[in-house]
Structure formats: structure tokens, C-alpha cells
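Each remark here refers to the structure printed beneath this line.
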Amino acid sequence: MSEKAKTDPRIRIVEGNIALLDVEAVVNAANKQLKLGGGVAGAIRNFGGPSIQAECDRLAPIGVGQAVITGGGNLKAGYVIHAVGPVNGEGDEEAKLGGATLSCLQIARDRKIQSLAFPAISTGIYGFPLQKCSRIMLRLTRDFLRENEHPGEVVFCLYGEKAYTVFKETLATLLD
């Protein structure tokens, strides 16, 4: 199930497992040590195989708001962009989430990646509010795409109906 934005065909919202998407790059909601644990990272590890963790081990650690790129291992996606979002309550979370989102978009632009898929960064075990996350990530992505040719398409892949609905409704409000 998916919903294309009426006025921005380059942004798409889907519900499902990001590790199974057929896109050029997926974003991993990473920790600073780039250890592929649970949630999105666990799905990427399980479907992508050990080569992704091996590359992460060579690149770690990175700071909150930063991102790095690795190969996609056995995923359909050729690349994984690992972005470290904020832990809710650590301070300056909105700016840090914005930094993580922009870092991913900049990597995609610089690598001329055509299709990029984001999860709802920091909304799992990091506890960042889903509604606030959707506003920050979608607004920054919309603005970035207005100024840049790449990525050609950005998919927000949400796990669960609630997250899907929040992002879909937020996108509709941003485009009104």
C-alpha cells in the first residue's frame, strides 16, 4: 500500500520492511558505534548479511546527526546509509534529527543515488515522538528535493499502520 504525494511525486509513503525494498539505497537508523542491533538495523543485518557490519566496523564511530554509506550486502538496495539520530531527552533533538536527515540526502545527492528509502529515524528505542519526526523529516526532504536533482525519489518506509498513517497525514498537510 502506498500513497503518492499529490504535488510532489518524488516523495512516497509506504508501510513495510525497509530491508526488503527495491531501491538504490536504504537508510539505517544507526547508533554511534554502527552496531546492527534490533529494529531497522536488525532487519538490515538479517537480510543484508555480515558484510554490512564488517564495513560499519571500519567506519565507526560517528556522531549524532551524521551519516556514512556502506554497500548493501545481500539487500536489493545497493547501499545502506547509516544515520545516527538523537535519543529523546538528550537535548537539541530536533536539530540532530534534521542533521541526520540532511546528511543522508547529501550523500544520496553526491553519489547520484536515484531512489532512497528512510525509516522514521529515532522513533523506536530512542523514543523520539513520531509526529515530530514526520514533520522534521518530511519538511527537510521536501525542501531538499526542490533544490536538488538527486535523489530522484525518496520513500518513507514505515513499520506499522500507525507510523504509516502519521507520515501520510503529515505529508498531506505539508503539501496543502
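Every number here is computed from the coordinates shown, using simple stated rules; none is lab data. Since this is a predicted model, take the numbers as computed values, not measurements. Cβ sites come from the backbone with ideal geometry, for glycine too, and all protein chains shown count toward neighbours.
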Rounded to the nearest 500 deg cm²/dmol, what is the calculated helix-only ellipticity per residue at 222 nm for the chain, with -39500 (n - 2.57) per DSSP H run of length n ≥ 4? -13000 deg cm²/dmol
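What whole-number value in cubic angstrom gives the convex hull volume per residue for the C-alpha atoms of the chain? Walk me through the numbers before you get to the answer.
Numbers: hull volume 16.9 nm³, N = 176.
Taking the convex hull of the Cα positions in the chain, it is 96 Å³ per residue.
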Could you list which residues have their amide H under 5 Å from that of Q66, counting only those 5 or more apart in sequence or on another chain, with H placed in the peptide plane? V84
Whole-number percent relative contact order across the chain, with pairs defined as alpha carbons under 8 Å at least 6 apart: 28
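Multiplying the sequence separation of E161 and E94 by 0.36 nm and subtracting their Cα-Cα distance, what value in nm do you get? Let's see the in-between values first.
Details: separation 67, 0.36 × 67 = 24.12 nm, distance 2.38 nm.
The E161-E94 span can extend by a further 21.7 nm.
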Can you sort E93, E169, E149 so the residue with the fewest Cβ neighbours within 10 Å comes first? E149, E169, E93
Around R12, which amide H atoms from residues at least 5 apart in sequence, or from another chain, sit under 5 Å from its own amide H, with H modelled in the peptide plane? V154, V155, F156
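Provide, for segment 2-174, the number of lysine pairs with alpha carbons under 18 Å apart, each pair being eight or more places apart or on different chains.
On the way: K4/K162; K4/K168; K6/K168; K32/K96; K76/K112; K96/K132; K132/K162; K132/K168.
The result is 8.
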In a GNM of the chain with a 10 Å cut-off on Cα contacts, which of I136, I44, I11 has the highest mean-square fluctuation? I136
Karplus (6.51, -1.76, 1.60) ³J(HN,Hα), θ = phi - 60°, over segment 64-71, in Hz, Gly and Pro reported as x: 4, x, 9, 8, 9, 10, 10, x
With label points built 7 Å along Cα→Cβ from the Cα atoms of K35 and N17, find their separation and express it in nm. 2.4
Multiplying the sequence separation of K132 and V87 by 0.36 nm and subtracting their Cα-Cα distance, what value in nm do you get? 14.9 nm
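Could you list L36, L59, L102 in order of exposure, starting from the residue whose Cβ has the fewest other Cβ atoms within 10 Å? Don't skip to the answer; put the middle values down first.
Numbers: L36 22, L59 12, L102 18.
Taking fewest neighbouring Cβ atoms as first place, the list is L59, L102, L36.
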